[in-house]
Amino acid sequence: MVSAGTLHVVSTEMTVGAFAMAGAAFLLAGLASHDLLGMRRHLTLADNVAHFALAFGLLSMPMAIMTGIQASPGEGVDHPLLINKMLLASTAFGLAFGVLLTRWRQGSEVWLHEWGRRWQALGGMVAVGLILTTASIGGTFTRGESLLDMLHLPYEHVPLMPIWLSGFIIVVATVNLVLLRRPAQV
Amino acid sequence: MTRHRLLGVLAMLLLASSQGAANPSGVGAGTFDAQCGGACHGDADMNRSSPATVTVEAPEVAYDALLTSVSVTVSNIQTTTNGLLGVFLLSDLSGAEDTPADDGWTVISNSEGGVENYVEAQIAPGQTNHTVSWTLRAPAVGTYNLHAAIHHGTQDGSEAPFFGATASPATVSVVEVPENLPRLSATFTPPTQITVGQDTEVNLQTEFVDVVAVDWRTVGGEAQTASVRQLEDGSWAFTLPASVQPVVIEWRAHLEGEGPPQTTPWFQINSDDASWSVDEPTAYVQSLAMLVAATSLFVGLQHRRSQSSLKAYEADLNEIGGED
């Protein structure tokens, strides 16, 4: 049997690797969609790589989370780093899911519109950035340091909303998603 | 389709069971019988014998309802993957209802900073010995046995559960407290946790005591004397200095009065950083809120953009048509 710690390293590397590739591909897709650096001809390739890598990263995340819980010492979330890690990972997951949902619903046409291509590339890269920050927090938690420490991010502070506000946001966001199920009408 | 869903659910359940079947990261300190504390470690059909040696040391005589100290030493410890070593203090080795509390003992503190009969110690690679001490309040008059047991993993990757126990128990005779014996009050409970960076004042309640002297030390360090002041008859106070980092501090009191002088066992205090806690349900709900909000915001943004682009496209077409 392989220990949870080893499995966590493997699954985390898969997740972070996939997201890192997605981030690079979203950057290339953004450049290609704006016909910068003569990359227009690579748009389809970058588009496919970006979204498939993002989807693979999302599929790998639950495994990383489960093995992380198994490998972590103690019980529950008893450290501000763990709370911030959970909040960031959730936001990244939601954003990445939104990027994929948009690509699935609008197809490659998402790159044809001026603001669509900007938001799609930006959304993908921000999701990747959040995941990398999440991984950085994991490094800070286990080793006491990480590469992003040079940014002096406020990992020790936990911005918590009242539970009623969180509930309100969930309701509004869910209703919004349901209403948006209808495709855009001309 | 239904069959596929059923297969999917079954597969998820099977995966979940493999994740939850063992506790390779330990279960944390707690009040456990030997059987419950280790799941498969305590099951004679599943475990393996630990090569470590476990010995328990306790005074031969303890006084009814007064505090005494018991230590468990584990030697020949094997290096394991995560270095966790679980140590039990037990009243017997039956595997059920065998905590010290089942014989009437009360666990006041242990050297790992808790108040439970089971602790998990982190053993460094190559470390072969480890001692855990408990401070107990003695039960009613009688003769009692105290056993110890351990469990741990391995380093060979098999994740086999290992279990070990003392070959022979320590026997403690609990006797009546002699008249006029200088002693700590039966109601006195020593503190077990203090915060790093803060001085700690300890208040002692005593009986038949005229003079109190207190020694304190960090584990492995030299003992120093604390200044003790009398607050009132049978009530004393002394101050432990602030620690600059998490550490276990030990102290004991020398009690003098009309009866024979007494020295208490070493009491352990765990100095730790200020504890941090959060309302977990609030954090979980906020986490879900941020997930749904991020998805909704992005999809909404692109949806709005899509509609405005189409309208602009439509306007362009109309304009072109108008020129024609």
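The values are calculated or read from the model by the stated rules, or taken from the named source; none is laboratory data. Because the structure is predicted, anything quoted here is derived from the model rather than measured. Heads up, the Cβs are rebuilt from the backbone with ideal geometry, glycines too, and the neighbour counts pull from every protein chain shown. Heads up: the accessible areas ignore ligands, DNA and RNA and are worked out on the full protein's heavy atoms, side chains in. Shrake-Rupley method; radii C 1.70, N 1.55, O 1.52, S 1.80 Å.
Being outside the structural domain of B:Leu136 (by TED's automatic domain parsing), exposed (fewer than 12 other Cβ atoms within 10 Å of the Cβ) and not aliphatic (A, V, I, L, M) is true for just one of B:Gln245, B:Gln230. Which residue is that?
Details: B:Gln230 fails: exposed (fewer than 12 other Cβ atoms within 10 Å of the Cβ).
That would be B:Gln245, the only listed residue that is outside the structural domain of B:Leu136 (by TED's automatic domain parsing), exposed (fewer than 12 other Cβ atoms within 10 Å of the Cβ) and not aliphatic (A, V, I, L, M).
When A:Ser146 is evaluated against the numbered criteria (1) in contact (Cβ under 8 Å) with a residue 12 or more places away in the chain; (2) more than 13 Å from the chain's Cα centre (by Cα); (3) surrounded by 18 or more Cβ atoms within 10 Å (Cβ to Cβ), which criterion, by number, is the only one it fails?
Single failed check for A:Ser146: (1).
Quickly run through segment A:85-109 and pick out the residues that are open to solvent by less than 60 Å² (accessible area, probe 1.4 Å), more than 7 Å from chain B (Cβ to nearest Cβ) and out of contact with any His (no Cβ under 8 Å at 6 or more places or on another chain).
Hits for segment A:85-109 are A:Lys85, A:Leu88, A:Ala89, A:Ala92, A:Ala96, A:Gly107.
Hey, among the residues in segment B:1-52 that are open to solvent by less than 60 Å² (accessible area, probe 1.4 Å) and among the charged types (D, E, K, R), which one's modelled with the highest pLDDT?
Of everything passing the filter in segment B:1-52, B:Asp33 is modelled with the highest pLDDT.
Anything in segment B:53-105 that is charged (D, E, K, R) and open to solvent by 10 Å² or more (accessible area, probe 1.4 Å)? List them, or say none.
Of segment B:53-105, the ones charged (D, E, K, R) are B:57, B:60, B:64, B:92, B:97-98, B:102-103.
The answer is B:Glu57, B:Glu60, B:Asp64, B:Asp92, B:Glu97, B:Asp102, B:Asp103.
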